[in-house]
Every structure is written in structure tokens, then in C-alpha cells.
């Protein structure tokens, strides 16, 4: 949703303009989804754990 992305980007820009440092962390769930991995034969719990480890 491009409108949501623009709104979030503007909010980040406004906060940064106040001199506040920002870190954006993409969760490992965006790399490894437990449900999708389970369909490929990987144990669901193991796949969820892999996604959590990818976040660290």
C-alpha cells in the first residue's frame, strides 16, 4: 500500500528532523515464514525459530 509507505516514511523523516536517530529492523519473519517453510517439509517450530534467529 503505497499511501501507507509514504505516511510512515514522512513520520520517520519528521522524527529524524528532530535530531533523533532511528534504527529500522526488518524481522526475520520477512525472510523465513514458518507456515511457508512447513509446506516445504520443514518442521513448523524449527522454521519459526529460524525466522527469529534471522532477526538477531
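Can you give me the number of residues within the range 16-35 that are modelled with pLDDT of 75 or more and either within 19 Å of residue 52 (Cβ to Cβ) or in a helix (DSSP H, G or I) (or both)?
Residues flagged as modelled with pLDDT of 75 or more and either within 19 Å of residue 52 (Cβ to Cβ) or in a helix (DSSP H, G or I) (or both) within the range 16-35 amount to 5.
If a residue must be assigned to a loop (DSSP other than H, G, I, E, B) and modelled with pLDDT of 75 or more, how many such residues does the range 36-56 contain?
So the answer is 4.
The values are calculated or read from the model by the stated rules, or taken from the named source; none is laboratory data. The structure presented is a predicted model; accordingly, all values stated were derived computationally and were not measured. All Cβ positions, glycine included, derive from the backbone under ideal geometry; neighbour counts span all protein chains shown.
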